[in-house]
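One structure is given here, and the rest of the page talks about it.
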Amino acid sequence: MGIGENLRQQLAAKALKRQFDRATEAAAAPSSVESVDTGASARSRFEAMPLYQQVRIMREMGEKLHVDSPFFRVHDGVAGATTRIGGREYLNFANYNYLGFAGDPGVSARAKAAIDRYGTSASASRMVAGERPVQRALEWALASFYETDDCVAFVSGHATNVTVIGALFGPGDLIVHDALAHNSIVQGAQMSGAKRLSFPHNDWQALDELLTRVRRDYRHVLIAIEGLYSMDGDFPDLQRFVDVKTRHGAFLMIDEAHALGVLGASGKGIREHCGVASDQVDLWMGSMSKTLAGCGGFIAGCQPLVDMLRHLAPGFLYSVGIAPMLAEASLAALERLQAEPERVARLQANGRQFLSEARAAGLNTGTSEGYAVVPVITGSSVKAAKWANAMFADGINVQPIFYPAVEEKAARLRFFVCSTHQPEQISRTIATLARIA
Ligand code: PMP
């Protein structure tokens, strides 16, 4: 492709990015609907909504740049280190099946037995319509794993953050989160009605200074961070954050979605990696959809915390209980994680190999520490799309991340490394990348 064509694509991407930003502003400011469509019926047509304009611009971006959409690909079976898409076998770096338990025959057999016993759905809220033993068994196992009093399971990881933060905090409170915190944390904070502030990524000193300035203006303060950041593959210095939260009388919440089963010699997450006692953290949040081969989220913590959530968190009280078959799958995965720590060691070795070979090939891996998540920063959305397409043509499935999910110059391919990847698969992937880049 000529330089002229490349330039045209970059300019088209820039113009669309400007349009997208305008639509985003319009979405945040309802009074500006007219700027998108001034017709009398504009307010009752979905096409006139700024959100729809964003979708339209995303599609147009793909067309103008002549890139195939890498989204919504259909997998024909279990997606692990390899997967089948459209009848072709691919090396797969686009999911969080970190220890290979999703699709593991033993885990699946336990889930099937749970279907035979309980059916496929809990069909109603646990508080109102009652429990299944496996739901509590999973919660107790997670509480024991996190060395907390108790635990409560929700039907979605995203909904866990939204409903828990929204239920516990409100006007007069402050929620401070890492600038790269997951959308679910931000949504929960926005919904709560508390003041929301962010601090630069992993910068506990900036957080300390922020709280020194503003702590006295608020009743409760929540600090929300992650055990392993899913965009960058780096993690916080947990002890420093514990010190800050103690100094300022705040609650500390850690989202362990990508840390459980990944960090620490036995996969116990960021606390094991950093050597920090469990009770130094107030809310341990996790997702069942990654290492735990299921679907749902949890909060592990002290009894009063879990009691409040079990009785009053809207996403628990007014939502169906976790499906018994999914609870059983996650319980089985948690047991296997503890019985087979060699899987964690293999995952960590794979992550190290991926990072060191990528660096040796001159690829920009940002701040990744080489644990399961390794980004390769391309510098533009156009390049990220092209690299992902070229990899796909070569039989490697990897997710590109574009603006606005990250800053335009931070656009990237994001590799999720699993324990089930073979060393030669990793080497082949890096060699392919090095050729394309
Ligand atoms: N927290 C983090 C850090 C995540 O990355 C995700 C999803 N990838 C979630 C929460 C939501 O979890 P789930 O996908 O299980 O709803």
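The values are calculated or read from the model by the stated rules, or taken from the named source; none is laboratory data. Keep in mind that what you see is a predicted model, and the values were worked out from it rather than measured. We place every Cβ from the backbone using ideal geometry, glycine too, and count neighbours over all the protein chains shown. What goes into the accessible areas is simple: the full protein's heavy atoms, side chains included, and nothing from ligands, DNA or RNA. Shrake-Rupley method; radii C 1.70, N 1.55, O 1.52, S 1.80 Å.
Give the number of residues within the stretch 237-269 that are more than 29 Å from SER419 (Cα to Cα) and within 19 Å of the chain's Cα centre (by Cα).
Residues meeting the conditions: 1.
Residues in the stretch 405-428 that are open to solvent by 60 Å² or more (accessible area, probe 1.4 Å) and part of a loop (DSSP other than H, G, I, E, B): ALA405, GLU407, GLN422.
Among the residues making up the stretch 87-102, none is away from the ligand (no atom under 16 Å from the Cβ), in a loop (DSSP other than H, G, I, E, B) and among the hydroxyl-bearing types (Ser, Thr, Tyr). Regarding THR148, is this residue surrounded by 14 or more Cβ atoms within 10 Å (Cβ to Cβ), assigned by TED's automatic domain parsing to the domain that holds PRO314 and at pLDDT 95 or above? The answer is yes for THR148. It is to be established whether one or more residues within the stretch 88-103 are over 22 Å from ALA345 (Cβ atoms), of a type outside the set (S, T, N, Q) and without any contact (Cβ under 8 Å) to a residue 12 or more places away in the chain. No, the stretch 88-103 has no match at all.
Taking VAL128 as the residue in question, decide whether it is modelled with pLDDT under 95, away from the ligand (no atom under 16 Å from the Cβ) and either on the phi < 0 side of the Ramachandran plot or surrounded by fewer than 19 Cβ atoms within 10 Å (Cβ to Cβ) (or both).
Spelling it out, VAL128 is indeed modelled with pLDDT under 95, away from the ligand (no atom under 16 Å from the Cβ) and either on the phi < 0 side of the Ramachandran plot or surrounded by fewer than 19 Cβ atoms within 10 Å (Cβ to Cβ) (or both).
Applying the criterion of being in contact (Cβ under 8 Å) with a residue 60 or more places away in the chain and open to solvent by 10 Å² or more (accessible area, probe 1.4 Å) to the residues of the stretch 295-304, the residue that is nearest to the ligand (Cβ to nearest atom) is CYS295.
Looking at PHE392, PHE402 in this structure, which one is within 25 Å of PHE20 (Cβ to Cβ), touching a helix residue (DSSP H, G or I) at 6+ places or on another chain (Cβ under 7 Å) and open to solvent by 10 Å² or more (accessible area, probe 1.4 Å)?
PHE402
Do we find a residue being of a type outside the set (D, E, K, R), under 20 Å from THR83 (Cα atoms) and in contact with a Lys or Arg (Cβ under 8 Å, 6 or more places away or on another chain) anywhere in the stretch 378-395? Yes, the stretch 378-395 contains a residue that is of a type outside the set (D, E, K, R), under 20 Å from THR83 (Cα atoms) and in contact with a Lys or Arg (Cβ under 8 Å, 6 or more places away or on another chain).
When GLY172 is tested against the conditions (1) open to solvent by 10 Å² or more (accessible area, probe 1.4 Å); (2) away from the ligand (no atom under 15 Å from the Cβ); (3) in contact (Cβ under 8 Å) with a residue 60 or more places away in the chain, the lone failure is (3). Restricting attention to the stretch 87-113, the residues being open to solvent by 30 Å² or more (accessible area, probe 1.4 Å) and more than 27 Å from TYR403 (Cα to Cα) number 12. In the set ALA339, ALA329, ALA345, only one residue is of a type in the set (A, V, I, L, M) and open to solvent by less than 50 Å² (accessible area, probe 1.4 Å); that residue is ALA329.
Restricting attention to the stretch 269-282 and to residues that are crowded, with 24+ Cβ neighbours inside 10 Å and not β-branched (Val, Ile, Thr), the residue that is nearest to the ligand (Cβ to nearest atom) turns out to be GLY269.
Yes/no per residue for (1) among the β-branched types (Val, Ile, Thr); (2) within 16 Å of the ligand (Cβ to nearest atom); (3) touching a Phe, Trp or Tyr at 6+ places or on another chain (Cβ under 7 Å):
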site: ILE165; (1), (2), (3): yes, yes, no
site: GLY188; (1), (2), (3): no, yes, no
site: SER192; (1), (2), (3): no, no, yes
site: ARG196; (1), (2), (3): no, no, no
site: LEU207; (1), (2), (3): no, no, yes
site: GLN239; (1), (2), (3): no, no, no
site: MET253; (1), (2), (3): no, yes, no
site: GLU256; (1), (2), (3): no, yes, yes
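A search for C-beta distances below 8 Å between a residue of the stretch 178-194 that is over 14 Å from VAL164 (Cα atoms) and any residue that is of a type in the set (Phe, Trp, Tyr) and not in a helix (DSSP H, G or I), counting only pairs 6+ apart in sequence or on different chains, returns ASP178/PHE199; ASP178/TYR229; ALA179/PHE199; LEU180/TYR229. Quick check on ARG84: is it open to solvent by 30 Å² or more (accessible area, probe 1.4 Å), modelled with pLDDT of 85 or more and either within 23 Å of MET391 (Cβ to Cβ) or in a helix (DSSP H, G or I) (or both)? Criteria met by ARG84. All conditions in (1) over 30 Å from GLN205 (Cα atoms); (2) within 11 Å of the ligand (Cβ to nearest atom) hold for TYR118, with the sole exception of (2).
For (1) under 23 Å from the mean Cα position of the chain (by Cα); (2) in contact (Cβ under 8 Å) with a residue 60 or more places away in the chain; (3) in the same structural domain as GLY86 (by TED's automatic domain parsing), each residue gets a yes or a no:
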{"site": "LEU347", "(1), (2), (3)": "yes, yes, yes"}
{"site": "GLY379", "(1), (2), (3)": "yes, no, yes"}
{"site": "ILE401", "(1), (2), (3)": "yes, yes, yes"}
{"site": "GLN422", "(1), (2), (3)": "no, yes, yes"}
